[in-house]
1. When the Kirkwood radius is taken over all Cα pairs of the chain, what Stokes-Einstein diffusion coefficient follows at 25 °C and 0.890 mPa s, in µm²/s?
2. Identify which of 170, 62, 51 has the largest mean-square fluctuation in a Gaussian network model of the chain, with springs joining Cα atoms closer than 10 Å.
3. With every protein chain in place, what's the accessible area of residue 113 (1.4 Å probe, Å², nearest 10)?
4. Return the single residue from 26, 87, 182 with maximal mean-square fluctuation; model: Gaussian network over the chain, springs between Cα atoms under 10 Å.
5. How large is log10 of I(q)/I(0) for segment 82-126 at q = 0.20, 0.31 Å⁻¹ when the intensity is taken from the Debye formula with one equal scatterer per alpha-carbon?
6. Round to the nearest 10 and give me the degree value, 0 to 90, for the angle of helix 180-192's Cα axis relative to the longest principal axis of the chain.
7. Hey, what did segment 1-102 get for relative contact order, percent, Cα under 8 Å, at least 6 apart?
8. Taking all protein chains in place and a 1.4 Å probe, what share, in percent, of the accessible surface of segment 54-194 do carbon and sulfur account for?
Amino acid sequence: MERCELEERHLAKLAEYNLQGVAREHCAALRYHPGEVIVREGDEIEGLALTVKGLAKVSRSTPVGKNLILCYYLSDGMMGEIELLTHQRSATTTVTAISDFECVSVDRASVAEQLRVNIPFWQRLGAVLADKLQRSSENYALSSLCSAQERLCAYICKNAPGGLFCDQLTDVACSVGTSYRHVFRLLADLCREGVLQKSRQGYRVKRPEELARRAQAGRGTTKTDDPNKREETAP
């Protein structure tokens with residue numbers, strides 16, 4: 001994580017939430033590299049972070065803390081709003097940068113009184129929450145209606161900045177709801193069919209249009225896996 005100077009794009013983002021009047025000493029512009037954890041579930045959270053640019057993955061662990069379950073992706077909006085509304089001091093999700101990611105953080109305690117009467121802020125926050133609810137519903141539909149290959153292709157489409165997919169396969173398996181071995185077989189199938197190409201760095205997307213087509217194939221339809229091929233699920 002790097003701190004950088006507040007610039008016009010950061011001030012414009014604050015203005016979107018009617019926070020342009022917040023003292024500069026209570027704001028910080030932060031930059032993250034791909035793979036860096038922006039917020040870790042369970043850690044103390046002291047601010048609101050407004051997304052300026054980049055893409056991040058938001059996830060939660062299961063109650064026993066073993067698996068990683070994908071919730072949604074973040075390319076706009078806010079981090080820390082759930083904790084603000086529920087008066088929690090600990091982060092409820094883990095946010096990890098997928099691409100170069102930049103946000104402007106506002107100290108929550110310093111703006112608490114201002115937020116009480118900041119109606120435009122709450123209107124914008126309501127829109128952010130509605131968008132997250134819609135995306136969570138879409139992800140639920142994806143996991144319910146699509147085959148493992150379709151879910152994996154959708155996951156790769158979101159997690160291959162620059163056309164390179166290099167996520168931990170154990171996390172991938174939990175996120176798409178299948179076993180590590182099955183993910184490995186599906187990746188091998190995609191490589192054999194020329195959609196992906198395995199490299200030392202990970203998997204290079206060779207046919208992005210075909211990958212996107214497969215990711216969308218099962219949306220809005222009932223999942224119809226070949227009954228002779230049993231899909232393995234994560235334990």
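1. Values: Rh = 19.2 Å.
Once the numbers are plugged in, D ends up at 128 µm²/s.
2. 62
3. Accessible area, nearest 10 Å²: 130 Å².
4. Per the Cα network of the chain with a 10 Å cutoff, 87 tops the list.
5. Debye output, listed in q order: -0.89, -1.23.
6. 70 degrees
7. Numbers: 188 pairs, mean separation 37.2, N = 102.
Here the relative contact order equals 36 percent.
8. Working: 3700 of 6560 Å².
Its accessible area is 56 percent carbon and sulfur atoms.
The values are calculated or read from the model by the stated rules, or taken from the named source; none is laboratory data. Owing to the predicted nature of the structure, the values given are computational and were not obtained by experimental measurement. All Cβ positions, glycine included, derive from the backbone under ideal geometry; neighbour counts span all protein chains shown. Calculation scope for accessible area: heavy atoms of the full protein, side chains included, ligands and nucleic acids excluded. Shrake-Rupley method; radii C 1.70, N 1.55, O 1.52, S 1.80 Å.
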